[in-house]
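The values are calculated or read from the model by the stated rules, or taken from the named source; none is laboratory data. Keep in mind that this is a model prediction, so the values were computed, not measured. With ideal geometry, Cβ positions are generated from the backbone for all residues, glycine too; neighbour counts draw on all protein chains shown.
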Amino acid sequence: MNIKRIFSALVLILFAGGILIAQDFEYIGAAKCKMCHNKSTTGAQYKVWQSAPHSKAMESLSSEASLKYAAENGIADPTKEASCIKCHSTYGHIDQNFNIGVKITEGVSCESCHGPGSKYKSNSIMKDREKSLANGMVIPTEETCKKCHNEENPFHKPFNYEESLKKIAHPIPVAE
């Protein structure tokens with residue numbers, strides 16, 4: 001009987017420890033990413049994002065079409081509606097217990113696609129792809145995009161991953 005209790009306690013500790021480790025990454029917000037990803041020598045990824053629709057996704061919820069849809073579907077304010085902001089802002093789909101810097105107004109920002117940046121944000125880690133991945137960075141796939149670009153979206157348009165990828169490309173320049 002005592003062995004069963006010890007074994008059960010050990011399993012519970014290992015399970016809880018695994019959950020805590022898995023949730024160790026925190027969301028830092030686009031402003032932190034901007035610090036390194038805003039220079040033309042490193043790809044100016046922040047500027048590319050800022051000029052693209054993802055950065056303005058929350059603003060689009062105030063468009064005439066969005067407000068009309070909201071009124072027709074009993075939504076008082078789409079900028080406060082969870083079913084809308086889950087795709088229009090990184091803030092809207094993350095666990096707020098792990099949010100240390102994402103603001104709702106930044107729209108669909110870096111960490112929606114690349115994962116929470118708290119552990120991979122340092123230059124020494126970002127220079128090493130394997131270290132970055134081990135520290136929470138995500139290489140987005142078509143499935144990443146389809147979490148929002150799908151038929152659940154009332155304004156859904158056919159989604160072509162390859163074409164869409166070209167529209168949001170923000171590569172890191174090759175060092176010469």
Report task. Quick one: which helices (runs of 4 or more DSSP H) lie wholly within segment 73-169 and hold at least 3 residues that are surrounded by 17 or more Cβ atoms within 10 Å (Cβ to Cβ)? Result -> 82-88, 110-114
Report summary line: Per the list (1) under 22 Å from residue 136 (Cα atoms); (2) surrounded by 16 or more Cβ atoms within 10 Å (Cβ to Cβ), residue check on residue 35 breaks on (2)
Query raised in the report: Among the residues of segment 24-36, is any under 20 Å from the mean Cα position of the chain (by Cα), on the phi > 0 side of the Ramachandran plot and modelled with pLDDT under 95?
Result: no
Report summary line: All conditions in (1) farther than 24 Å from residue 24 by Cβ; (2) touching a residue at least 24 places away in the same chain (Cβ under 8 Å) are true of residue 150 except (2)
Requested in this report: Identify all residues within segment 22-54 that are closer than 23 Å to residue 134 by Cα, assigned to a helix (DSSP H, G or I) and free of Cβ contacts under 8 Å to residues at least 12 places away in the same chain; write none if there are none.
Outcome: 22
Report task. Answer with yes or no whether residue 66 is buried (at least 19 other Cβ atoms within 10 Å of the Cβ) and within 24 Å of residue 160 (Cβ to Cβ). Result -> yes
